[in-house]
Amino acid sequence: MKFLLLIALFVVAVSATENDDPISQESNVEFNGKYHYHYELKDGSKATQDGVLKSVNADHNGEAVNGKYSFVADDGKTYVVSYTADENGFQAVGDHLPTPPPTPESVLKALEYIRLHPYQTPEKKN
């Protein structure tokens, strides 16, 4: 009985890892910090990413990254996410991702008022 259980676990482990074997895989890193990678797995998952070093300002360097990944979910649909990551943060885009509601008119008016009337430090009284 233990032998049968061991064989069953082995078969499950092998079949679970078969779908994750890479179909293709490539990567390239250059001396100047530019890089690229791409992979595709048997289960339909794919990922691609490109990055470069960039000067954000005189005192700060950073990376600019563009990428995309996709996977087949349990519902059988393929989901795709494209993204950019740079000095403005991580920004992902995908048809399945939620989008924020429109900014309320009252908030837009308040922001415009603040823009037209910036804060000024009060003068000190002696």
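The values are calculated or read from the model by the stated rules, or taken from the named source; none is laboratory data. Remember, it's a predicted structure, so these values are computed and weren't measured experimentally. Here the Cβ positions follow ideal geometry from the backbone for every residue, glycine too, while neighbour counts run over all protein chains shown. Only protein heavy atoms, including side chains, enter the accessible area calculation; ligands, DNA and RNA are left aside. Shrake-Rupley method; radii C 1.70, N 1.55, O 1.52, S 1.80 Å.
Quick check: pseudo-label points 7 Å beyond the Cα along Cα→Cβ at Glu105 and Lys54, how many nm apart are they?
3.7
Using a simple spin-label model with points 7 Å from Cα along the Cα→Cβ vector, what separation in nm is obtained for His36 and Val93?
Result: 2.1 nm between the two label points.
If you count only protein heavy atoms with a 1.4 Å probe, what accessible area per residue comes out for the stretch 36-94, rounded to a whole Å²? Write out the running numbers ahead of the final one.
Working: 3820 Å² over 59 residues.
Using a 1.4 Å probe on heavy atoms only, each residue of the stretch 36-94 averages 65 Å².
Of all the accessible heavy-atom surface of the stretch 47-126, with the other protein chains kept in place and a 1.4 Å probe, what percent is carbon and sulfur?
So the carbon and sulfur contribution to the accessible surface is 54 percent.
In sequence order, what are the phi-derived ³J(HN,Hα) couplings for the stretch 79-87 according to the Karplus relation 6.51 cos²θ - 1.76 cosθ + 1.60 with θ = phi - 60°, rounded to whole Hz, with x for glycine and proline?
Taking θ as phi minus 60°, the curve returns 9, 10, 10, 9, 8, 10, 9, 7, 5 Hz for the stretch 79-87.
Under a crude label model (7 Å from the Cα following the beta-carbon direction), how far is Gln25 from Asn66 in nanometres?
In this crude spin-label approximation the distance works out to 2.6 nm.
Pop out the ³J(HN,Hα) list for the stretch 62-72 in order, Karplus 6.51 cos²θ - 1.76 cosθ + 1.60 with θ = phi - 60°, rounded to Hz; leave Gly and Pro as x.
x, 10, 10, 10, 10, x, 7, 9, 9, 7, 9
³J(HN,Hα) across the stretch 49-58 via Karplus (A = 6.51, B = -1.76, C = 1.60, θ = phi - 60°), whole Hz, x for Gly/Pro?
8, 10, x, 9, 7, 9, 8, 7, 7, 4
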